[in-house]
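Peer 1: First, the structure itself, so that you have it in front of you.
The values are calculated or read from the model by the stated rules, or taken from the named source; none is laboratory data. Values in this document were obtained by computation on a predicted structure and should not be read as measured data. With ideal geometry, Cβ positions are generated from the backbone for all residues, glycine too; neighbour counts draw on all protein chains shown.
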Amino acid sequence: MNKLSLHTPDLTESNYNALASLFPNAVTETKDENGEVIRAIDVDVLAQEINTHVVSGKEERYQFTWPDKKKAVLLANSPITATLRPCREESVDFDNTENIYIEGDNLDVLKLLRETYLNRIKMIYIDPPYNTGNDFVYNDEWQVDSEQWLGISGDYDNDGNRMVRNLDSNGRFHSDWLNMIYPRLRVARDLLTTDGVIFISVDDREIKNMLNICNEIYGETNYIGTILWKKKTNGNNMGVIPPVHDYIVAYSKSINNIDEIGYEITEEFIQKTYSNPDNDTRGVWTTMDLSANHKGPHFLIKNPRTGEEFYPPEGRYWVFNEKEVAQRIADGRIIFGKSGTVRPVQKVFASERINGKIRAESWWDCHGMNEDATKEIKELLGNGKLFTHPKPTKLIYHLIKISSCIKSNDIILDFFSGSATTAHAVMQLNAEDGGNRKFIMVQLPEVCPEDGEAAKAGYKNICEIGKERIRRAGNKILAESKENASLPFDQEHSPLDIGFRVLKLDSSNMKDVYYKPQEIIAENGKLQVDLDGLVDNIKHDRTAEDLLFQVMLDLGILLSSKIEKRQIEGKTVFSVADNFLIACFDHITDETVTEIAKCKPYYAVFRDSNFDSDATLVNFEQIFKTYSLETKRKVL
């Protein structure tokens, strides 16, 4: 039997090992600031090995950096021993739903999800806190106060004079924001499928830095575009030029793998857009510009009917070369308007675009505004002032539609869930097209200010508002779907999943002795922990279901997996995903082990201290060899 690690992987360790295996002669040692010997990579040796120029030291190079960026990178890669604990009483349809709502700091949550949801998230949408010149709720290790910042950033000259007067507008707040968002986006990238996309809402204060960060993490070649979303009708006299829009930055994990970003071509769209005035045998068609603003062919095109000649419009180029244009004119694919006497255009047939998309444009002024979101929250929760500047469901709804999240089991993640608009949009779209998309919402349980509208309405933290919004939105959507008969309901079951499992971030279920058994006995030979801690390595307040979810995380089993709880030989046994995992944390007898082995699970997990006797422990391996040799056996 192997012992479960029950902590997230140390990516720094794995990266170092990969480099050391390729270039062992570059591995060396040095001393840290405490005089401790630590491992290191010799940059000079590495440069010789890869036979190119490695930039180091103060040598000039193009780079995007800020104070404590190295700590932000380290933060993204460092392991944690936290877990997610289920909360049935706050969940909706816990046993059947495949949606997840997680309370906790999203960086730790993303790390916990990294192994389980690696390459499994089709779309991510986030609306992170904007940089308003104030400190952030997400107060990670890298946060610095004003005095520390001044030392780091060099805002004092050689005589000790301060070089920047306005503290609120200096770079400290930019760095705080960058250090907050960078590690989260770094971990989030690992979760995306190869054809996955991420949309990030941001304002004009940080749009430049957001693009720089995403270019570094996702790669500039994977930039899809930026949507300008009109969020309100006027700027309320804010600033010299009042802002009435936000940006939504879009990147793919791999531009070569994604489907075309846009809307599916529907029959309704075809009827509205296409026609066949000349009875072309190839079917209904529409026209498209023959020129583009990127560099291309530039020549005269002659109308064979009138002899009139056309150059491309100023600053534009033809999309086909002369030979291709001649062939397409002969084939009737380039025409000179429907009258035959105006500028040349392309004929585009509906039959040739069935698998294509209607491209989404960058200016969105018809997909809801902040005031629409406020009205939605007021209708659902009775108070539109619970959130400031919320995003409307319609906005996220359309982002999901253009990102090719089809009707299958695509997962949509929002790790700055806020008012849970994304969950609402997922359920709404599923109700309309019969889809089975799933959502994962992550939100820090930020305490509502005592004098705020949320606290007055009885909400203790933001998560309580988000969960209640999902409950009410789900019930509303379900009722409307039944009334409109848009989905095939029967008396007992609904095809629409409006439930969610609530999981809460917490410290590991295991005591320190589980992770550091070698540190139990001090150098002087005295025990550092009580004897009871040696006997039981699990914290006293943790349940069997708590243990189960930490095991699921460690083994990479989806948190939405079906869980069946049953009795075997009088012991409580959990079967996850149709016996993919069977876990038993009760005291175990030979009979219990035998019945579990007969189920032939892929994984079987037990508590190391719960074997009924030494004989049971001795017989354990033989029982599995007899009934299920391939089962991977693990212990806590």
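Peer 1: Confirm whether Asn355 is at pLDDT below 90, part of a loop (DSSP other than H, G, I, E, B) and loosely packed, with under 15 Cβ neighbours inside 10 Å. Break it down stepwise before answering.
Peer 2: On the way: at pLDDT below 90: yes; part of a loop (DSSP other than H, G, I, E, B): yes; loosely packed, with under 15 Cβ neighbours inside 10 Å: yes.
In short, yes.
Peer 1: Oh, and also: Which of the residues belonging to the stretch 429-473 are of a type in the set (A, V, I, L, M, F, W, C), assigned to a helix (DSSP H, G or I) and either closer than 27 Å to Asp506 by Cβ or at pLDDT below 95 (or both)? Show your work before the answer.
Peer 2: Restricting attention to the stretch 429-473, the residues satisfying the condition of being of a type in the set (A, V, I, L, M, F, W, C) are 429, 431, 439-442, 444, 447-448, 454-455, 457, 462-463, 465, 470, 473.
Now narrow it down to the ones that are assigned to a helix (DSSP H, G or I): 429, 431, 454-455, 462-463, 465, 470, 473.
Of everything in the stretch 429-473, those that are of a type in the set (A, V, I, L, M, F, W, C), assigned to a helix (DSSP H, G or I) and either closer than 27 Å to Asp506 by Cβ or at pLDDT below 95 (or both) turn out to be Leu429, Ala431, Ala454, Ala455, Ile462, Cys463, Ile465, Ile470.
Peer 1: With (1) part of a strand (DSSP E or B); (2) at pLDDT 95 or above as the list, and Ala188 as the residue in question, which single condition is left unmet?
Peer 2: Status for Ala188: all satisfied but (1).
Peer 1: Let me ask something else. Do you know which residues across the stretch 593-622 are buried (at least 19 other Cβ atoms within 10 Å of the Cβ) and at pLDDT 90 or above?
Peer 2: Across the stretch 593-622, the qualifying residues are Val593, Ile596, Ala597, Pro601, Tyr603, Ala604, Val605, Phe606.
Peer 1: In the stretch 468-482, which residues are under 30 Å from Asp108 (Cα atoms) and either buried (at least 23 other Cβ atoms within 10 Å of the Cβ) or acidic (Asp, Glu) (or both)? If you could, list the steps in order and put the result at the bottom.
Peer 2: Within the stretch 468-482, the subset under 30 Å from Asp108 (Cα atoms) is 468-474.
Of everything in the stretch 468-482, those that are under 30 Å from Asp108 (Cα atoms) and either buried (at least 23 other Cβ atoms within 10 Å of the Cβ) or acidic (Asp, Glu) (or both) turn out to be Glu468, Arg469, Ile470, Ala473, Gly474.
Peer 1: Which one is modelled with the lowest pLDDT among residues in the stretch 487-514 that are closer than 22 Å to Arg469 by Cβ and among the small types (Gly, Ala, Ser)?
Peer 2: Here the answer is Ser494.
Peer 1: Considering each residue of the stretch 364-384, count those that are in contact with a Lys or Arg (Cβ under 8 Å, 6 or more places away or on another chain) and not in a helix (DSSP H, G or I), and give that number.
Peer 2: Total meeting the criteria: 6.
Peer 1: Residue pairs, Cβ under 9 Å, 6 or more apart or interchain, first in the stretch 599-618 and closer than 17 Å to Leu636 by Cα, second at pLDDT below 80 and among the basic types (Lys, Arg). List them.
Peer 2: Within 9 Å, the pairs are Asp608/Lys3.
Peer 1: Separate question: Lys385 - would you say it is of a type in the set (D, E, K, R) and at pLDDT below 90? Walk me through how you get there before you give the answer.
Peer 2: On the way: of a type in the set (D, E, K, R): yes; at pLDDT below 90: yes.
For Lys385, the condition - of a type in the set (D, E, K, R) and at pLDDT below 90 - is met.
Peer 1: Suppose the filter is outside any helix (DSSP H, G or I), at pLDDT 95 or above and surrounded by fewer than 23 Cβ atoms within 10 Å (Cβ to Cβ); does Ile248 pass it? Before you say what the answer is, go through the steps one by one.
Peer 2: On the way: outside any helix (DSSP H, G or I): yes; at pLDDT 95 or above: yes; surrounded by fewer than 23 Cβ atoms within 10 Å (Cβ to Cβ): yes.
Here the answer is yes, as Ile248 does meet what is asked.
Peer 1: Taking the stretch 594-623 as the search range and keeping residues that are within 39 Å of the chain's Cα centre (by Cα) and assigned to a helix (DSSP H, G or I), which one is nearest to Asp536 (Cα to Cα)?
Peer 2: Taking the stretch 594-623 first, the residues within 39 Å of the chain's Cα centre (by Cα) are 596-610.
Among the residues that remain, those that are also assigned to a helix (DSSP H, G or I) are: 596-598, 608-610.
Numbers: Ile596: 23, Ala597: 25, Lys598: 28, Asp608: 9, Ser609: 7, Asn610: 9 Å.
It comes out as Ser609.
Peer 1: Just name the residue that is surrounded by the most Cβ atoms within 10 Å (Cβ to Cβ) out of those in the stretch 251-288 that are under 31 Å from the mean Cα position of the chain (by Cα) and free of Cβ contacts under 8 Å to residues at least 40 places away in the same chain.
Peer 2: Ile255
Peer 1: Can you find a residue that is under 24 Å from Lys357 (Cα atoms), at pLDDT 90 or above, assigned by TED's automatic domain parsing to the domain that holds Arg343 and within 47 Å of the chain's Cα centre (by Cα) anywhere in the stretch 308-315? Steps first, please.
Peer 2: Taking the stretch 308-315 and keeping what is under 24 Å from Lys357 (Cα atoms), we get none.
No, that holds for no residue.
Peer 1: Still on this structure, please answer the following. Filter the strands (runs of 3 or more DSSP E) completely within the stretch 1-119 down to those with at least 1 residues that are at pLDDT 75 or above and surrounded by 18 or more Cβ atoms within 10 Å (Cβ to Cβ).
Peer 2: Working: elements: 27-31, 37-41, 83-86, 100-103.
So the answer is 83-86, 100-103.
Peer 1: Which residues, taken from the stretch 271-290, are under 15 Å from Lys347 (Cβ atoms) and not in a loop (DSSP other than H, G, I, E, B)? Steps first, answer last, please.
Peer 2: Taking the stretch 271-290 and keeping what is under 15 Å from Lys347 (Cβ atoms), we get 273-290.
Residues satisfying the conditions are Thr273, Ser275, Trp285, Thr286, Thr287, Met288, Asp289.
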